[in-house]
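Asks: Okay, here's the structure, questions in a sec.
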Amino acid sequence: MAIDFAPSEEQRLLVESARQFLEREVYPHEAEVDRAGEVPEDLGRRIRERAIAQGLYAANMPDSVGGGGLDPVGLALLDRELGKAGWALRGYVGRPSAILMACAGEQRERYLRACVRGERHECFALTEPGAGSDAMAIATRAVRDGTDYVLNGTKHFISGVGVPDFAIVFAVTGTDDLASPAEAGFAKAGTPKGPRKRISAFLVDRGTAGFEMRRGPRCVSYRAYNNFELTFADCRIAAGQMLGEEGRGFDLANEWLADTRLLVAATCCGRAERVLDMAVEWAATRRQFGRTIGRFQGIGFKLADMATELRAADMLTLNAAWKLGQGTLTAADAAMAKLFASEMLGRVTDHAVQIFGGMGLMDEAPVERFWRDARVERIWDGTSEIQRHIIARELLRPRET
Ligand SMILES: Cc1cc2nc3c(=O)[nH]c(=O)nc-3n(C[C@H](O)[C@H](O)[C@H](O)COP(=O)(O)OP(=O)(O)OC[C@H]3O[C@@H](n4cnc5c(N)ncnc54)[C@H](O)[C@@H]3O)c2cc1C
């Protein structure tokens with residue numbers, strides 16, 4: 001069986017188109033937006049409009065709903081290129097949450113297709129102050145009341161470009177019926193967690209009474225990428241706002257998490273390539289002790305390690321994307337790509353700061369921004385520790401008695 005690592009002509013053109021787009025529309029504004037901690041509205045709108053015009057918008061969504069219809073490898077290559085830009089601006093080159101494919105009936109036009117067209121955009125609201133890595137611990141509840149659900153609870157660290165038009169909110173809608181009397185007895189005696197929660201997803205529009213969206217604390221990574229705190233106080237929504245089936249919200253979230261873990265991995269590879277390029281340029285031109293610093297083994301070896309690790313992360317990421325396309329991707333495959341690529345980016349950006357010396361910490365050279373931005377990649381969409389748990393579980397499970 002032949003293994004072909006060469007991108008197709010179509011993939012090459014796609015990446016080239018994204019490269020030109022970033023150089024023209026995004027890179028010139030990056031430093032200023034980061035400094036201000038804010039994206040001016042007209043700049044965000046312009047990037048969105050031009051991304052739509054260039055066919056880069058919603059490239060992750062199937063063509064059956066008006067998206068780009070890219071296969072997972074093509075998408076990983078595009079995410080890698082777009083990932084060279086920070087989330088504050090790149091976020092406007094929309095990539096609607098794949099979970100919206102679960103929209104049914106009237107939801108499809110109002111939420112799914114409107115997001116694919118770039119008319120509306122969403123945020124994904126799972127994390128809570130008391131439930132981060134342990135997402136099953138969420139306390140936001142949705143209680144059925146006639147034809148409505150009434151939501152109460154708080155979400156935090158919820159990212160979004162601009163101000164999202166609606167939130168995909170995860171809430172507890174009950175607990176699973178206990179399957180057997182034996183299980184019931186066990187639960188009554190008190191398991192550490194009690195009966196399994198039924199978690200459902202809901203589409204909640206901004207402006208719904210009882211729903212407030214407030215800016216959260218400022219994050220050092222991707223400074224101008226917003227994060228919000230969402231509160232629901234007796235927020236009443238129609239039962240038709242449920243996304244997918246009752247009690248299946250977590251399955252939807254898990255589907256989405258595999259996709260975003262590959263997105264994080266591809267992004268980290270793109271950003272590492274950009275930083276490596278800056279570091280090579282600096283090391284090849286900065287002179288100390290009468291020669292360029294790249295000629296010192298201490299610096300040259302760093303560059304060699306950075307390039308090697310980047311290549312390895314690329315291979316891992318593209319392999320995982322290829323497996324997704326083949327229908328053979330496991331949770332551990334996606335976790336390995338996310339874990340390795342995000343930790344690689346941490347090392348690469350740290351080496352880059354060292355290679356730049358004092359200039360590496362000044363905001364005149366963009367290296368410090370990449371270094372700061374890289375930090376969140378090991379935390380969001382499942383921390384490195386959680387990725388390791390997933391990988392270890394997949395290794396151990398078949399042999400455990
Ligand atoms: C900038 C930013 C944007 C975000 N955007 C979103 C968003 O849009 N939507 C959303 O729902 N969430 C979002 N998040 C939340 C993110 O997914 C969580 O921060 C992440 O899952 C970790 O949860 P936590 O911060 O509560 O940390 P905790 O879960 O409290 O973890 C703290 C530390 O303990 C470790 N730890 C926890 N459990 C274990 C364990 N079993 N074994 C070993 N170590 C463990 C963690 O790895 C970590 O090092 C965002 C976060 C950030 C920082």
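Asks: Per the helix-only calculation at 222 nm, which mean residue ellipticity applies to the chain, given -39500 (n - 2.57) for every DSSP H run of n ≥ 4 and division by its residues, nearest 500 deg cm²/dmol?
Replies: -14500 deg cm²/dmol
Asks: Now, a different point. Name the residue farthest towards the positive end of the dipole of region 9-135 from the options Val65, Pro129, Ala88, assuming +1 on Cβ of Lys and Arg, -1 on Cβ of Asp and Glu, about the Cα centre.
Replies: Val65
Asks: Using mean Cβ contacts within 10 Å as the protection proxy, how do 224-231, 18-25, 254-261 order, highest first? Before the final figure, lay out each step's value.
Replies: Numbers: 224-231: 21.0, 18-25: 17.5, 254-261: 19.5.
Sorting 224-231, 18-25, 254-261 by mean packing, highest first, produces 224-231, 254-261, 18-25.
Asks: Also, quick follow-up: Per the Kirkwood definition applied to all pairs of different Cα atoms, how many angstroms is the hydrodynamic radius of the chain? Intermediate values should be presented prior to the final figure.
Replies: Values: mean 1/r = 0.0443 Å⁻¹.
With all distinct Cα pairs of the chain included, I get 22.6 Å.
Asks: Shape verdict for region 336-377, please, from the Cα gyration tensor: rounded (a/c under 1.5), prolate (a/b greater than b/c) or oblate.
Replies: Working: a/c = 4.28, a/b = 2.16, b/c = 1.98.
Note, shape of region 336-377 comes out prolate.
Asks: For region 249-401, take the convex hull of the Cα atoms, compute a quarter of its surface area, and give me that in nm², please.
Replies: On the way: hull surface 43.4 nm².
Convex hull of Cα atoms, orientation-averaged projection: 10.9 nm².
Asks: State whether region 115-169 is rounded, prolate or oblate according to the following rule on the C-alpha gyration tensor (a ≥ b ≥ c being the square roots of its eigenvalues): a/c under 1.5 gives rounded; otherwise a/b larger than b/c gives prolate, and the remaining case gives oblate. Working shown, then result.
Replies: Numbers: a/c = 2.77, a/b = 1.24, b/c = 2.23.
In terms of gyration-tensor shape, oblate.
Asks: Could you sort 343-354, 33-44 so that the peptide with the highest average Cβ count within 10 Å comes first and the rest follow in order? Can you show the working numbers first?
Replies: Details: 343-354: 22.2, 33-44: 15.7.
Peptide ranking by packing, descending: 343-354, 33-44.
Asks: Here is a further query. So how far, in whole Å, is the C-alpha centre of region 227-262 from the one of region 120-179?
Replies: Value for the Cα centre distance between the two parts: 6 Å.
Asks: Working from Cα positions, state the angle (0 to 90°, nearest 10) between the long axis of helix 41-53 and the longest principal axis of the chain.
Replies: 90 degrees
Asks: Follow-up. Once the Cα atoms of helix 331-356 and of the chain are each reduced to a long axis, what angle between those two axes, in degrees from 0 to 90 to the nearest 10, is obtained?
Replies: Roughly 40 degrees, rounded to the nearest 10.
Asks: Charges only on Cβ, +1 for Lys and Arg, -1 for Asp and Glu: so what's the dipole of region 214-302 about the Cα centre, in debye to the nearest 20?
Replies: Numbers: 14 positive and 10 negative charges, 202 e Å.
Dipole about the Cα centre, nearest 20: 960 debye.
Asks: Considering only DSSP beta bridges where both residues belong to the chain, give the percentage that are antiparallel (nearest 5).
Replies: On the way: 34 of 40 bridges.
Given both bridge residues lie in the chain, the antiparallel proportion sits at roughly 85 percent.
Asks: If you don't mind, another one. Among rounded, prolate and oblate, which fits region 1-97 when a ≥ b ≥ c are the square roots of the eigenvalues of its C-alpha gyration tensor, a/c under 1.5 means rounded, and a/b larger than b/c means prolate?
Replies: Details: a/c = 2.43, a/b = 1.72, b/c = 1.42.
Prolate, since a/c reaches 1.5 and a/b exceeds b/c.
Asks: What is the helix-to-structure angle for 297-326, meaning the angle in degrees between its Cα long axis and the longest Cα principal axis of the chain, kept from 0 to 90 and rounded to the nearest 10?
Replies: Computed tilt is about 40 degrees.
Asks: Would you look at the GNM of the chain, springs on alpha carbons closer than 10 Å, and say which of Ala114, Ala142, Ala341 moves the most?
Replies: Fluctuation is largest for Ala114.
Asks: Just to verify a number: FRET efficiency for Thr383 and Ala104, C-beta to C-beta distance, R0 = 30 Å, to 0.05? Present the calculation step by step, with values, prior to reporting the outcome.
Replies: Numbers: r = 33 Å, r/R0 = 1.10.
Once rounded, the FRET efficiency stands at 0.35.
Each reported figure results from applying straightforward, stated rules to the coordinates on display, with no laboratory input. These figures come from a predicted structure and were not determined experimentally. Cβ atoms come from the backbone with ideal geometry, glycine included; neighbour counts cover every protein chain shown.
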